[in-house]
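Worksheet: the structure to be examined is printed underneath.
Bear in mind these aren't lab numbers, they're just calculated from the coordinates by the rules spelled out. Note that the coordinates shown come from a computational prediction; the quantities given were computed from them, not determined experimentally. Every residue, glycine among them, receives a Cβ derived from its backbone with ideal geometry; neighbour counts consider all protein chains shown.
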Amino acid sequence: MSRREIVHIDMDAFYASVEQRDDPSLRGRPVVVAWRGTRSVVCAASYEARKFGVRSAMPAVTAERLCPAAIFIPPDFARYRAVSHACREIFLRHAERIEPLSLDEAYLAVPETSQGLSVAQTIRAQIREELCLTASAGVAPNKFLSKIASDWRKPDGLMEIRPEDVDGFLADLPVGKLPGVGKVTEERLGRLGISTVGQIRSHGRIGMETAFGRSGLRLFELSCGIDHSEVVSDRPTKSISAEDTFPDDRELKDTASTLVRLAERVWTYAEAEGRPARTVVLKLKTSDFKILTRSHTPGLPISSADELVEIALGLLDRVELDPHTTYRLVGVGLANFFDLEDPLQPTLF
């Protein structure tokens, strides 16, 4: 009987690595992919910057304080998407199913006639040779374990967890490594004297369900290395969006130029998606962090960047807050995609 093997591929410091690859002067230097400013957050940090404590999603001002010598590079998502597509082309040579999680990571279902470790080695070598980038990989009997394994020896690492090694590997693993265990759940587990995955297993199925309900059952299964979720390829895109945080709060009328730029970026993404969208969505965040959205679904799908821009700007007129309200963020998106072969259905509204 063949055994199931899943490979998780995770590109190393992806955005920052692409920048260092394309600009040799950045190699070996602390690179932070982010806009400068008090409202900006870090999209990615090179390993040279990570030595100073810089991490993704960290405020850019914090990154600058931790690493004054950091080189800030504005993100270029169109270029990162192109590189991500090239990675996917390599994956397709070796996997029967691919489930992208983001631009820089994916699960791969390995054909029964192949060995996951050999596939992972080949993919990493081809990424290095063809794209001049590095990737880490994890090979395991399921998705949960393969993702943990890919992170174990980063950067540029490879780890396999074989079925017979699962119990021993998980026993001393901190509970924070389990998906779904955030700070609050970790504190609740701590109050029960549980700090490792092995202790979750020892607490038992009934004990975990009593303490945490259905999520407790899930944690118990993970502690036993059980994860039946399948690699699902080609998940349909539900929405495409782009947003920007202003360096200073501004009134609604002053958001239009940014909105136009974001709409044009979204249209570029939509063309790459290859499926028309029916709905345009405007997103705003006020200076006191209240989020509001407005949307419009015309009779026919959006057909051009100009039409998207026109509708997005028109949605500003439907914002009925005090005209002196100020905003810290604006975003625009497309949703309600359909396949080209599907007949157009009339909308109810």
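Hey, how many Å between the Cα centroid of the stretch 162-195 and the Cα centroid of the stretch 283-320? If you average the Cα positions of each part, the centres end up 43 Å apart. Mean-square fluctuations from a GNM of the chain, with a 10 angstrom spring cutoff on Cα atoms, peak among Asp249, Asp151, Asp23 at Asp23.
Dipole check for the stretch 15-77: with +1 at the C-beta of Lys and Arg, -1 at the C-beta of Asp and Glu, and the Cα centre as origin, the magnitude is about 240 Debye.
Backbone amide hydrogens, once placed in the peptide plane, bring Ile6 within less than 5 Å of Ala140, Asn142, excluding anything fewer than 5 places away on its chain. Comparing Leu92, Leu158, Leu334 in a Gaussian network model of the chain, where Cα atoms under 10 Å apart are tied by springs, the biggest mean-square fluctuation is seen for Leu92.
Near Leu329, the amide H atoms lying under 5 Å from its own belong to Phe246, Lys285; only residues 5 or more places off or on other chains count, and H is placed 1.01 Å from N.
Backbone phi angles across the stretch 40-55, fed through the Karplus curve with coefficients 6.51, -1.76 and 1.60 (θ = phi - 60°), yield HN-Hα couplings of 7, 10, 6, 7, 6, 9, 5, 5, 5, 6, 5, 4, 8, x, 6, 9 Hz in residue order; Gly and Pro are listed as x. Scalar couplings 3J(HN,Hα) for the stretch 60-66, obtained by applying the Karplus form with A = 6.51, B = -1.76, C = 1.60 to θ = phi - 60°, are 4, 5, 5, 4, 5, 5, 5 Hz; x denotes Gly and Pro. Taking amide H atoms as placed 1.01 Å from N in the peptide plane, the amide H of Ala44 lies under 5 Å from those of Val33, each 5 or more residues away in sequence or on another chain. Each residue of the stretch 244-254 was assigned a 3J(HN,Hα) from its phi angle through the Karplus expression (A = 6.51, B = -1.76, C = 1.60, θ = phi - 60°), giving 9, 9, 6, x, 8, 4, 9, 6, 4, 4, 8 Hz with x at Gly and Pro. When the Cα positions of Gly168, Val184, Gln199 are compared along the charge dipole of the stretch 166-223, Val184 comes out farthest toward the positive end, with charges on each C-beta of Lys, Arg, Asp and Glu.
Which entries in the list Lys51/Lys183; Lys183/Lys290; Lys238/Lys285; Lys143/Lys285; Lys51/Lys253; Lys51/Lys177 go over 32 Å, if you measure between the two C-alpha atoms of each?
Beyond 32 Å between Cα atoms: Lys143/Lys285; Lys51/Lys253.
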